[in-house]
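A short worksheet on the structure shown next.
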Amino acid sequence: MSHSTEQKNPRLIVVVAFDRGEDGDLFPAFGPADQQSEDRAIRTARTLAAKHAGVIAWSRDADPTLGDYGPPTTLFVSGDVPDME
């Protein structure tokens, strides 16, 4: 019986929704909210998309103990969202 000792890095999965202020600038209206899975993040983002100026769901590999984060992967985007850096 073979056991894998390779441990997969945890994933940071987040949804953020944005609205526009009176000055026209985007501001976070919901989140960033951690999600249990990428599928759940996409479902949450789709629901929020009808109520906000923009919404994005993204994920990345993360090792918070080392402060090591991989590049973000966009899972869902709708409307106006700020550039991810």
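The values are calculated or read from the model by the stated rules, or taken from the named source; none is laboratory data. All values derive from a computational prediction rather than experimental measurement. Backbone-built Cβ (ideal geometry, glycine too); neighbour counts: all protein chains shown. Just the protein is used for accessible areas: all its heavy atoms, side chains included, with ligands, DNA and RNA removed. Shrake-Rupley method; radii C 1.70, N 1.55, O 1.52, S 1.80 Å.
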The one condition in (1) modelled with pLDDT of 95 or more; (2) among the β-branched types (V, I, T); (3) under 9 Å from the mean Cα position of the chain (by Cα) that T73 fails to fulfil: (1)
Total residues in the range 8-38, condition open to solvent by less than 30 Å² (accessible area, probe 1.4 Å) and either charged (D, E, K, R) or part of a strand (DSSP E or B) (or both): 7
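Can A41 be described as touching a helix residue (DSSP H, G or I) at 6+ places or on another chain (Cβ under 6 Å), open to solvent by less than 80 Å² (accessible area, probe 1.4 Å), at pLDDT 95 or above and not in a loop (DSSP other than H, G, I, E, B)? Give the steps one after another, and end with the answer.
Numbers: touching a helix residue (DSSP H, G or I) at 6+ places or on another chain (Cβ under 6 Å): no; open to solvent by less than 80 Å² (accessible area, probe 1.4 Å): yes; at pLDDT 95 or above: yes; not in a loop (DSSP other than H, G, I, E, B): yes.
For A41, the condition - touching a helix residue (DSSP H, G or I) at 6+ places or on another chain (Cβ under 6 Å), open to solvent by less than 80 Å² (accessible area, probe 1.4 Å), at pLDDT 95 or above and not in a loop (DSSP other than H, G, I, E, B) - is not met.
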Cβ pairs under 7 Å, 6+ apart or interchain, first in the range 69-84 and at positive phi, second open to solvent by less than 70 Å² (accessible area, probe 1.4 Å) and aliphatic (A, V, I, L, M), ordered by first then second residue, are G79/A49; G79/A53; G79/V55
Within the range 51-73, is even one residue open to solvent by less than 50 Å² (accessible area, probe 1.4 Å), part of a helix (DSSP H, G or I) and out of contact with any Pro (no Cβ under 7 Å at 6 or more places or on another chain)? no
